[in-house]
Amino acid sequence: MNLGGVAVLLSDLHKSLMAPEFSHTLITGVCAKNEIDVLNGIAEDLNIIQIKTMGRAPNLLGDILTFLNLRKVIKHLSPDIVHTHTSKAGVLGRIAAISLRKNISIVHTYHGHHLYGYFSRFIVKIIVLIERLISLKTDLLVADSTQVMDDLKKVKVGSKNIWKVIPPGIRSFKIMSQGDARREINVDENAFTICWIGRFAEIKNPMLALTSYNQLPSKIRSSSKMIMVGEGSLMPECKEYSEKNKLNVVFPGWKSDIEPYLAAANILLITSTNEGFGMVIAEAGFFAVPSLSTDVGGVREFIEDGVNGILTQANPIDIALHITTLSSNMNKVSQLGKMARKTTLEKFTVKTFVSEHKKAYCKLVNDF
């Protein structure tokens, strides 16, 4: 499973569903060569089945083989519940389970959606039609935020009574001071540091982060640093823009250990055009780092504007203005950070995340 919020959540959930209460098998695909697999080093210790034909990119032959392999594995396991995650795996996994015509409860979780920001209107209509049809045979639909659930309800995916919201839960990270973190990743102790974490893809809009940074007054730009953690197809374009404009931006690539980057930051910057929840916002909150985020998707279910973070319009002038204001008011940054940490610890823990799944699973089995 490629490094990211969903993969970390599934890894934590899988490790937490322990025997004898649950017998749980994780079925996953393989990562692309330039991606980090969160299961590296632990796959041999867990009940995990990897299907080599399963990947993120569309591949007709590969997807057909994946469906057949999933069907074979599900038939062999004969589970009480099949729970799918992510878009393509969710479609193939649910169809495979439905095709067996066995007494299987089917659950699917939407970690965000593809209703906008990804595809053309025609493709979105096809996706909605597929989701509507499959939802007729799905027993429980889970959303990672109320906003995601409401958006999908509006396009008539799933009946009202099969929906449940389970917010993501973050694991407890290693506590480290900002100074220690900055020394570890070679960041000047006095620099106002902005961290951006994600795929370099259109949906995450990394160029907005760069153009916003470029809009900062020269004095602030010269005394600050932006760290953009991740990889993706837009990386070359972003690096070229940064070099051309002589921006103080570093691109460390994908990192399996994001703790020092979050702990070193003064703020986390989110520039996405669509987000289901934005798990990294809660992760930053663990380190008392507030987020400055575009007001999209489910980010409002963590960020209370001006209380534990800042919501902004998706344009570089507004974002630059917020960064300028925050960089000159470190007391405000500290206050926002303390409230962000409080929000994370009270509402978005792995314990709560796992507990809600256990309740849902037990109810399904008892009601079936």
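Just so it is clear, none of the values below were taken in a lab; they were calculated from the coordinates. None of these values were measured; they are calculated from a predicted model. As a convention, Cβ positions derive from the backbone with ideal geometry for all residues, glycine included, and neighbour counts pool all protein chains shown.
General remarks:
- Note: relative contact order over the chain, using C-alpha pairs below 8 Å and six or more positions apart, is 15 percent.
- GNM top mover of R101, R300, R199 - the chain, alpha-carbon springs below 10 Å: R101
- Candidates E356, E131, E346, ranked by Gaussian network fluctuation over the chain, Cα under 10 Å, top entry: E346
- Inter-site label distance for N366 and N59 at 7 Å from Cα along Cβ, in nm: 4.3
- Net length gained if the chain between D257 and S355 were fully extended (0.36 nm per residue, minus Cα distance): 32.7 nm
- Surrounding net charge for Q147, when Lys and Arg each add one and Asp and Glu each subtract one, Cβ distance under 13 Å: -3
- Order of M339, M226 under a 10 Å beta carbon neighbour criterion, fewest first: M339, M226
- Segment 107-183: relative contact order as a whole-number percent, Cα under 8 Å and 6+ apart: 32
- Neighbourhood net charge (14 Å Cβ-Cβ; Lys/Arg +1, Asp/Glu -1) for P252: 0
- Once C-alpha pairs closer than 8 Å and six or more residues apart are averaged by separation and normalised to the residue number of segment 178-347, the relative contact order reads 24 percent.
- Springs between Cα atoms under 10 Å define the GNM used for the chain, and in it the highest mean-square fluctuation of N190, N274, N315 occurs at N190.
- Neighbour-count order for I323, I64, fewest beta carbons within 10 angstrom listed first: I64, I323
- Virtual spin-label span in nm between D295 and L68, 7 Å along Cα→Cβ: 5.2
- Segment S223-N248, length gained on full extension (0.36 nm per residue, minus Cα span): 8.1 nm
- Segment 219-256 versus segment 163-207: alpha-carbon centroid distance in Å: 14
- Relative exposure of Y118, Y213, judged by other C-beta atoms within 10 Å (fewest first): Y118, Y213
- Cut-off 13 Å, label 7 Å out along Cα→Cβ of K338, residues of segment 284-310 by amide N: 288, 308
- Note on segment 54-112 and segment 5-24: Cα centroid distance 18 Å, given to the nearest whole angstrom.
- Extension gain, N315 back to H76 (0.36 nm per residue minus Cα-Cα distance, nm): 80.9 nm
- Estimated FRET transfer efficiency (R132, N103; beta-carbon r; R0 22 Å; 0.05): 0.40
- Sum of -39500 (n - 2.57) over DSSP H runs of 4+, divided by residues of the chain (222 nm, nearest 500): -13500 deg cm²/dmol
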